[in-house]
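The values are calculated or read from the model by the stated rules, or taken from the named source; none is laboratory data. A quick note: this is a predicted structure, and the numbers were derived from the prediction, not measured. For neighbour counting, all protein chains shown are included, and Cβ atoms are generated from backbone atoms with ideal geometry for every residue, glycine included. Note: accessible area is taken over every heavy atom of the protein model, side chains too, but ligands, DNA and RNA are not part of it. Shrake-Rupley method; radii C 1.70, N 1.55, O 1.52, S 1.80 Å.
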Amino acid sequence: MEVERNKSRSRVGVGIIAFTLWATAAVIGLLEINIIVELVLRTYARFWGDYILYGSDYWGAVVIRNVLMILLGLSWIAIFIGGGEYHAKRLGQPKSWKLFGRTIAVELSILALALYI
């Protein structure tokens, strides 16, 4: 009886840790959408900008920003809803923890890339 109680406590603890990691990764991913868009627009302005206010390059940047926001927003929804389902089904398994590690590594690399560009 005591062993079953400890297993259920352990499962609840693992669930709380997994949910916290998933929610943190989701929030960081949401914040990184703006970072990625700004990185792309900065690169666009460096290579193709002509320093004319409201010229053709301005409208090109508006189109790029709108398209990126839609694509990144939809991919964020798919990745983090799908990731939540994946982690819920594989709670506490090594595959789940490896995916958390990869997700956080990618998010940290995007943040590091923003410092250099």
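Tabulated data for the structure shown
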read-out: Residue tally, condition acidic (Asp, Glu) and either open to solvent by less than 40 Å² (accessible area, probe 1.4 Å) or at pLDDT 85 or above (or both), over the stretch 46-62; value: 1
read-out: Test: residue in the stretch 81-89 that is at pLDDT 90 or above and of a type in the set (A, V, I, L, M, F, W, C); value: yes
read-out: Qualifying residues in the stretch 66-96 (those that are open to solvent by 90 Å² or more (accessible area, probe 1.4 Å) and either under 17 Å from the mean Cα position of the chain (by Cα) or touching a residue at least 40 places away in the same chain (Cβ under 8 Å) (or both)) - the one nearest to ALA23 (Cα to Cα); value: ILE81
read-out: Residue tally, condition in contact (Cβ under 8 Å) with a residue 60 or more places away in the chain, within 25 Å of TYR58 (Cβ to Cβ) and open to solvent by 30 Å² or more (accessible area, probe 1.4 Å), over the stretch 28-37; value: 2
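Results for (1) touching a residue at least 60 places away in the same chain (Cβ under 8 Å); (2) in contact with a Lys or Arg (Cβ under 8 Å, 6 or more places away or on another chain); (3) surrounded by 14 or more Cβ atoms within 10 Å (Cβ to Cβ); (4) part of a helix (DSSP H, G or I), shown as yes or no for each residue.
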| position | (1), (2), (3), (4) |
| --- | --- |
| ARG11 | yes, no, no, yes |
| LEU21 | yes, no, yes, yes |
| ALA26 | no, no, yes, yes |
| TYR44 | no, no, yes, yes |
| ILE64 | no, no, yes, yes |
| LEU99 | no, no, yes, yes |
| LEU115 | no, no, no, yes |
